[in-house]
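> Attaching a single structure in structure tokens format; questions to follow.
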Amino acid sequence: MKTDDKVNILLVDDRPEGLLAMEAVLDDPGYNLVRAQSGYEAIAQLLGREFAVVLLDVQMPGMDGFQTAMAIRDNEKIRDVPVIFITAISKEERYVLKGYDVGAVDYLVKPFDPHTLKSKVAVFVRLFKKNAQIKTQAEELQRLAQELHAMNQELEAFSYSVSHDLRAPLRSIDGFSQVLAEDLGDKLDAQGHDYFQRIRAASQKMSELIDDLLSLSRLSRRKMRWEEVDLSRMAEDIVAELRRAHPPRDMKVLIEPGLTAQGDGNLLQIALQNLLHNAWKFTGQKEGATVEFGRMSEAPEPVYFVRDNGVGFDMTFVSKLFGAFQRLHDAREFPGTGVGLAIVQRVMRRHGGRCWAESALDQGATFFFSVPAVDPDGAGAREEASRSVLLAPARPL
Ligand SMILES: Nc1ncnc2c1ncn2[C@@H]1O[C@H](COP(=O)(O)OP(=O)(O)OP(=O)(O)O)[C@@H](O)[C@H]1O
Ligand SMILES: [Mg+2]
């Protein structure tokens, strides 16, 4: 409905003079007054188009006003249309009217005061217009959400196939440059070997970047499986694995026990892994390194954190940090492709949560993430078990 559209108002009375009286009062260029001379006619009109309000004479032969109102309420398509009874308000009618004393129902006593009728109708018309406006906005929002969803899917599919298709030619570059370097053997001088080495290193780096891109795009595609996740236990296991995979380090790890969250266990594991790997990596050169995992606040929005006392970073660049391939440290000192935090952010977004960071150069860093206590996709999503973990295992530091 457009704002300048006329609003339909249904006048129901078996007597022409009753209809005329209502028409005279409601004469307004914004109203389209529609007549009905019986309850049946009224229902037929209501089923044919949308009305802002029905003015219903109670005393009519055949189907009276109350029976008509009941028939309206019984019909799902039209049950929400507001009704104003026009009544002589006999004792009996007063009793019946009580039964209607709910929702968008009102009554006027005959002979009605024109001003009261006008203002009552005006209220329902305003309500009708507001509802129509909200409905249009909701439809528009839904349309935009669908469009966005489709665009996202397209983008994901695109990045997936691009990363996928880039791998084969890259393998050729890497393989054939190796073969060529071996075949040429001592015909190549040191510089020649160095060039081949560089070609191979660059293609391997690109292959890593593609793997990370694929992980990112898979992250958005996989289905969520909701469960209670023991984050403390997860953190313990990740740290134990880090200790196993690396030379012994003097590092204190403090993990708050008993921290749980509602979410997808596999995704949260990936996020926590990336945060703890970072904490491990960026405290690598620190004496008395400490890494902490804990919770700052509880439901409805529990906030967890991973804190370290490593090299930290300059807060000027904090907004870039969670973007893919954004790095603030030299890859020779701290290797990596810069995709870990982008993964963390995606995981949190899929949970309806968020993540952020605080740090200062040489003063360590704290990464926060929140996972709302409710399942944002609705309970149904819990039943949708994911069939496989699509993500690649954690990358080496
Ligand atoms: N705990 C931390 N302390 C200091 N800087 C950090 C920390 N965690 C992340 N950063 C900064 O944010 C950048 C992005 O982190 P991210 O985890 O996305 O990438 P990465 O660790 O460099 O590589 P990848 O995770 O892909 O192996 C890092 O390169 C580093 O500059
Ligand atoms: Mg990382």
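The values are calculated or read from the model by the stated rules, or taken from the named source; none is laboratory data. Since we're looking at a predicted model, the values are computed, not measured. Please note: Cβ atoms are built from the backbone with ideal geometry, for glycine as well, and neighbour counts cover all protein chains shown. Please note that ligands, DNA and RNA were not included when accessible areas were found on the heavy atoms of the full protein model with its side chains. Shrake-Rupley method; radii C 1.70, N 1.55, O 1.52, S 1.80 Å.
> From R327, R350, grab the single residue that is within 11 Å of ligand 2 (Cβ to nearest atom), of a type in the set (K, R) and at pLDDT below 95.
Values: R350 fails: within 11 Å of ligand 2 (Cβ to nearest atom).
Unique residue meeting the criteria: R327.
> Within the range 34-64, which residues are open to solvent by 10 Å² or more (accessible area, probe 1.4 Å), modelled with pLDDT of 95 or more and either polar (S, T, N, Q) or within 19 Å of D113 (Cβ to Cβ) (or both)?
Hits for the range 34-64 are Q37, S38, Q45.
> List every residue pair whose Cβ atoms lie under 6 Å apart, where the two residues are 6 or more positions apart in sequence or sit on different chains, the first residue falls within the range 195-220 and is touching a residue at least 12 places away in the same chain (Cβ under 8 Å), and the second residue, located anywhere, is open to solvent by 60 Å² or more (accessible area, probe 1.4 Å) and within 16 Å of ligand 2 (Cβ to nearest atom).
L219/R346
> So, one more: Is it true that some residue in the range 273-294 is free of Cβ contacts under 8 Å to residues at least 12 places away in the same chain, farther than 18 Å from A235 by Cβ, more than 16 Å from ligand 2 (Cβ to nearest atom) and surrounded by fewer than 21 Cβ atoms within 10 Å (Cβ to Cβ)? Reasoning before the result, please.
First, pick out the residues of the range 273-294 that are free of Cβ contacts under 8 Å to residues at least 12 places away in the same chain: none.
No: the range 273-294 contains no residue that is free of Cβ contacts under 8 Å to residues at least 12 places away in the same chain, farther than 18 Å from A235 by Cβ, more than 16 Å from ligand 2 (Cβ to nearest atom) and surrounded by fewer than 21 Cβ atoms within 10 Å (Cβ to Cβ).
> Could I ask something else about it? Quick check on the range 246-266: of everything there that is within 16 Å of ligand 1 (Cβ to nearest atom) and not β-branched (V, I, T), which residue is least open to solvent (accessible area, probe 1.4 Å)?
If we take residues in the range 246-266 being within 16 Å of ligand 1 (Cβ to nearest atom) and not β-branched (V, I, T), then M251 is least open to solvent (accessible area, probe 1.4 Å).
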